Amino acid sequence: MMSASSMHSLVQDYLNERRRLGFDLDRPGSQLLAFARFVDRVGHTGPLTAEIILAWAQGEAMRATPITWARRLDVVRPFLKHRALIDPETAVPDGDIFGRARRRLTPHIFTDGEIADLLAAARRLPPPATLRPATYEAFFGLIASTGLRHSEALHLRCSDLDLAAGHLTVRQTKFRKSRLVPLHATVLEAMNRYLTIRRRLLPSAPADLVFVSPAGTAIADRTAHGVFEKLRAGLKWTARGDHPAPRIHDLRHNAECPVIPSAVAESSTNPPASKAHRPATGRRLGIIRPPSATPRAVPGAKGA
């Protein structure tokens, strides 16, 4: 019969062995240990069964969704296969019992009204007459109109903006690549307005970050998320994706999803409904366009 801590010991031995081989297993390791504690807590003895495995994958999950269960099962399956080599009676449930664990979650696609409300709420951030409201209005608007990752926007330098040429440069980002991002006229206007406020309140140099705190320091990732979450709570949006609530990251999809080839938009009076299609008001906003990377407008901005 297993001792009360035997499953925990088995999992810890497995993790130690894998880490000696060079695997990090930081998050998977913590989840595996949680699985072991669950097995020990319920007093299970003998080979691991499908019932105890699925009870943990589903019953102990914070979110009762198939993809959450699938991902939890995906974490324990390598350990189960390892145990099956030692104890052939160990159950190894099929990996697709809850669907694919590594499928891409559907993002929340913001309406133009939601983005306009977000920017308006950012303008009302305290303290008034400081750089903070202008910073977050420009920060969220730039992500929504260009598709930048929020980390890319936080790391932008003043020298990366070429407003006269109508583009910005994202340097050494994912896969160590750099790219030019064209800017819509309304984005240029909004960024010019923000930089004017920034220079008035805080002298800047080309090497300085574009988005900074009122004290001139870098904005931490968690700080940006905290501001967004506070504004989101006040705006009371209803999540329309697979995530429990809209995220900053979802804003960048608004620069990509509304693309409708002009020929399709003009030749069909009833285009197919999907999350990648937006109402005809997008032409006024500059978001119905050929797939030639015409820059995205800021919803609700002057001139849009």
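The C-alpha radius of gyration of the stretch 60-150, expressed as a fraction of 2.2 N^0.38 Å, stands at 1.84. Rounded to the nearest whole Hz, the Karplus-based 3J(HN,Hα) values (6.51 cos²θ - 1.76 cosθ + 1.60, θ = phi - 60°) of the stretch 228-243 follow the sequence 4, 5, 5, 5, 4, 4, x, 7, 6, 5, 9, 5, 10, x, 8, 8, with x at glycine and proline.
Over the stretch 101-148, Cα pairs under 8 Å with separation of 6+ residues give a relative contact order of 30 percent. 3J(HN,Hα) couplings calculated from phi for the stretch 206-213 with the Karplus curve 6.51 cos²θ - 1.76 cosθ + 1.60 (θ = phi - 60°) are, in sequence order, x, 7, 6, 5, 5, 9, 9, 6 Hz; Gly and Pro show x.
Full extension of the chain between residue 208 and residue 55 yields a length gain of 49.9 nm, computed as 0.36 nm times the residue separation minus the alpha carbon distance. The calculated FRET efficiency for residue 221 paired with residue 106, based on their beta-carbon distance and R0 = 22 Å, is about 0.40.
What number, in percent, do you get for the relative contact order of the stretch 6-86 if the mean sequence gap of Cα pairs under 8 Å and at least 6 apart is divided by its residue count?
Numbers: 39 pairs, mean separation 25.2, N = 81.
Reported relative contact order: 31 percent.
Along the stretch 64-71 the Karplus relation, 6.51 cos²θ - 1.76 cosθ + 1.60 evaluated at θ = phi - 60°, assigns HN-Hα couplings of 8, 10, x, 5, 5, 4, 5, 5 Hz to successive residues, with x for each Gly and Pro.
Please state the shape class of the stretch 1-97: rounded when a/c is under 1.5, otherwise prolate if a/b exceeds b/c and oblate if not, all from the C-alpha gyration tensor.
Numbers: a/c = 1.40, a/b = 1.11, b/c = 1.26.
Judged from the Cα gyration tensor, the stretch 1-97 comes out rounded (a/c under 1.5).
Coordinate-derived values only; no laboratory data. Because the structure is predicted, anything quoted here is derived from the model rather than measured. Don't worry about glycine lacking a Cβ; one is built from the backbone with ideal geometry, like all the others, and counts go over all protein chains shown.
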